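I have placed the structure first, in the form of structure tokens, so that the comments after it can refer back to it.
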Amino acid sequence: MKKLLSIFALVATLGLGLAANTYAEEAAPAAEAAAVVAPAADAAVPAEAAAAPAPTPNKGDTAWMLISTVLVTLMVIPGLALFYGGLVRQKNMLSVLMQTFMIFSLMAVLWVIYGYSVAFTGGSPYFGGLAKVFLAGITPDSMAATFSKGVVIPELVFVAFQLTFAAITPALIIGAFAERMKFSAILAFMVLWFTFAYLPMAHMVWYWDGPDAITDAASLETVVANAGWLWAKGALDFAGGTVVHINAGVAGLVGAIMVGKRIGYGKESMTPHSLTLTMVGAALLWVGWFGFNAGSNLEANGYAALALVNTMITTGAATLSWAFSEWLLKGKPSMLGAASGAVAGLVAITPACGFVGPMGAIIIGLLVSPICYFFVAKVKYCLGYDDALDVFGVHAVGGIFGALATGVFVNPALGGMGVYDYVANAVGEYNFAAQMTAQAYAVGTAIVVSAVVSVIAFKLVDMVIGLRVSEESEREGLDTTEHGERAYHA
């Protein structure tokens, strides 16, 4: 427990200490709280527009969102599965594939039963309601808001797109405790964590009534009052830096510590069994991430193109900076390092991709890899936790950096897009202290929510099922002991 507390203190220093002397204001002003962050599916229609014809979805927007949904699915199965699978030892390859495959399937079902309703309907600032459990009332004619007034997409498309986010986030966690946790315990933990960590964070960061509900200052106040807590604070998270990456990374750290180190960790060789598959997985992640980031714009327009370009160049810059960091410090650049850098870049640009300009995106990519590399190569070993596939060092650390960098590079003076004011229908005035305060709130909330929920969930599962396989099963490999199969027979 002392080790866990010391690591959280280190994370807090990274995530919140960077802005301690500059966060002078409590929260973003109301106009900035109307920032383009994410739509609510049940966006309100202002009274004066009630008689106007209902907006109809554009087929191009709809088609782009359908494609983006498929691309994010590609990120998980097979992308993440192969990326993680190649990094473990041969005797555990199928266990990682099975965990990823089953978590995606489980989250898909839970999402339509209650997850979508809890995340994207009104309720409290922290947790949505149950008005749309089992997708009640949602038909092919139901519409969801986007970021533009008068522009909508079919709600079922929005449901499916957000389903893929809800599915990949828990799947990211398994890399931290790979090769030693019971399959049944993993599934039980994921149900608890999805319900009490992912859904509240998605609601707090992304839920609002939509742009059509904002016509004047009074209506803005109503929207802010109804919105998720962090959205109302003015936090910017375009595609999931807090909701997905910090959230999952912190859960992974808790899991790595509570499950314990792998047998032989630090004494026996635990090198990846197939960097070829890891490279293939990383490439699929990179391609699928265009749907993840550019799809989060919800419209096929210039901002989707900006998010796509930023995703491309940040990832390239991060790949280069990780490889050159290794080259400088170890004498040789590695394929594993290049793949890790690519993922770090993808993580860091996720919250920023629709808010920053291309030059800001390159800077984010160049800086994130050395930071993540330091955590992966130094901090992990100094603190002694066994994060098998560096979920915390890449996703949590990269997500923290990306979330804070978003607040800096959204500044129009630095090439950013600024924060949109839906009352004035124009970009509002940038306030560094207020925006960074909002970003710090989001980072701190993600760390605390995920850590607390994860500790409780792991403890409950340990009491009921037990977290870890036996020593004999771990030595033999989870492929045969948990699933009765082998990845390879040659």
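The values are calculated or read from the model by the stated rules, or taken from the named source; none is laboratory data. None of the values given here were measured: they were computed from a predicted structure. Cβ coordinates were reconstructed from backbone atoms using ideal geometry, including for glycine residues, and neighbour counts include every protein chain displayed.
Checked against the criteria, I153 counts as of a type in the set (V, I, T), part of a strand (DSSP E or B) and crowded, with 22+ Cβ neighbours inside 10 Å. Checking S184, S269 one by one, the residue that is within 26 Å of R468 (Cβ to Cβ), among the polar types (S, T, N, Q) and free of Cβ contacts under 8 Å to residues at least 40 places away in the same chain is S269 and no other.
Looking at G484, G384, G466, just one residue is over 30 Å from W206 (Cα atoms), surrounded by fewer than 17 Cβ atoms within 10 Å (Cβ to Cβ) and without any contact (Cβ under 8 Å) to a residue 40 or more places away in the chain, and that residue is G484. Inspect all residues belonging to segment 326-339 and state whether any of them is at pLDDT 95 or above, more than 23 Å from V159 (Cα to Cα) and within 20 Å of the chain's Cα centre (by Cα). Yes: one or more hits.
Answer yes if at least one residue in segment 342-352 is under 30 Å from N431 (Cβ atoms) and surrounded by fewer than 24 Cβ atoms within 10 Å (Cβ to Cβ), and no otherwise. Within segment 342-352, not a single residue is under 30 Å from N431 (Cβ atoms) and surrounded by fewer than 24 Cβ atoms within 10 Å (Cβ to Cβ).
Among residues that are at negative phi and either part of a helix (DSSP H, G or I) or at pLDDT below 95 (or both), A144 is not included. Any residue in segment 321-336 that is in contact (Cβ under 8 Å) with a residue 12 or more places away in the chain, of a type outside the set (K, R) and closer than 24 Å to V96 by Cα? Within segment 321-336 (the criterion being in contact (Cβ under 8 Å) with a residue 12 or more places away in the chain, of a type outside the set (K, R) and closer than 24 Å to V96 by Cα), the answer is yes, since at least one residue qualifies.
Of the residues in segment 233-253, none is free of Cβ contacts under 8 Å to residues at least 24 places away in the same chain, part of a loop (DSSP other than H, G, I, E, B), over 21 Å from V397 (Cβ atoms) and among the small types (G, A, S). For segment 394-485, the helices (runs of 4 or more DSSP H) that sit wholly inside it and include 2 or more residues that are closer than 23 Å to I363 by Cβ, hydrophobic (A, V, I, L, M, F, W, C) and within 26 Å of the chain's Cα centre (by Cα) are 397-409, 432-464. Does F101 count as among the aromatic types (F, W, Y), closer than 30 Å to T480 by Cα and free of Cβ contacts under 8 Å to residues at least 40 places away in the same chain? When the stated conditions are applied, F101 passes them. Only one entry of A108, A167, A188 meets the criterion of being in a helix (DSSP H, G or I) and surrounded by 20 or more Cβ atoms within 10 Å (Cβ to Cβ), and that entry is A167.
Checked against (1) farther than 30 Å from D479 by Cα; (2) free of Cβ contacts under 8 Å to residues at least 12 places away in the same chain, F120 passes all but condition (2). Looking only at residues in segment 397-413 that are in contact with a Phe, Trp or Tyr (Cβ under 9 Å, 6 or more places away or on another chain) and of a type in the set (A, V, I, L, M, F, W, C), the one that is nearest to P370 (Cα to Cα) is V397. How many residues are crowded, with 19+ Cβ neighbours inside 10 Å and either closer than 18 Å to I313 by Cα or not hydroxyl-bearing (S, T, Y) (or both) when one looks only at segment 372-381? Here the count works out to 4.
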